[in-house]
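Input: a single structure, listed below in structure tokens.
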Amino acid sequence: MLFDAIGHVIGVNAAARRSIEQRSEIELVASAEPPHDRIRLLVKRSATQLALERALRACLLPAASALQSPSLRALASRDPRPAQALILSYESGQPGLILQLSPIAPQSMPQSPGPHACVLGVLIDRNCSPSLEPTMLRDLFGLTDAEARVAEAYLRVDTVKEVGVMLGVSANTIKTHLAAVYLKTGCTRQAQLVRLLMSLSEISDEPDGMPAR
């Protein structure tokens, strides 16, 4: 998710949008304040909403200073931290969504008019299994189709045997492909590979623009 300098959502990818739509305690709503074409991330629990707004203000200080806007600087926290994290909602029987907010470096922001992305939000849904398009692995590391499928399988299962059952191939074949995956990705053990795959899974969905109101 991308937030502008006043905390409105100006971009959200498909994965984040799906997670929000599946929860009753959190939603994207049209802003009641100008400009009315913006979207706000709204949590129905007031204490959580206040925590979200405080976290956004803390992340917005670098952007407010860079834009040299007194009104925006007034919104920013006096004690900014490099990143903020909070739990947005608790559904009955479901873990809450985790939102991690990180300020975008002011020098990387364009000087053109219009809204600029000032805060990056990563939404973590513990109900969803991470997924990764094999095409990304092929493009980044030159994996073959078979190697990419083996690598992506490790987001769901843990052992060579389980990957073999999932893909319908022998354990020896999995070991051969896994050795090639390690070589091409620079990983030396399974834990490293899984960390890489998890990181890539967070950016694998294409941006979905502004969500429907």
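Here are the numbers for the structure shown:
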{"item": "Spacing of the two label points (7 Å from each Cα toward its C-beta) at residue 198 and residue 183, in nm", "result": "2.8 nm"}
{"item": "Simple spin-label estimate for residue 54 and residue 162 in nanometres, 7 Å along Cα-Cβ", "result": "3.9 nm"}
{"item": "Gyration tensor verdict on region 1-54 (Cα atoms; rounded if a/c is under 1.5, prolate if a/b is larger than b/c, oblate otherwise)", "result": "oblate"}
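Each value in this text was obtained by applying a stated rule to the coordinates, not by laboratory testing. Because the structure is predicted, anything quoted here is derived from the model rather than measured. Here Cβ is always computed from backbone atoms with ideal geometry, including for glycine, and neighbour counts include all displayed protein chains.
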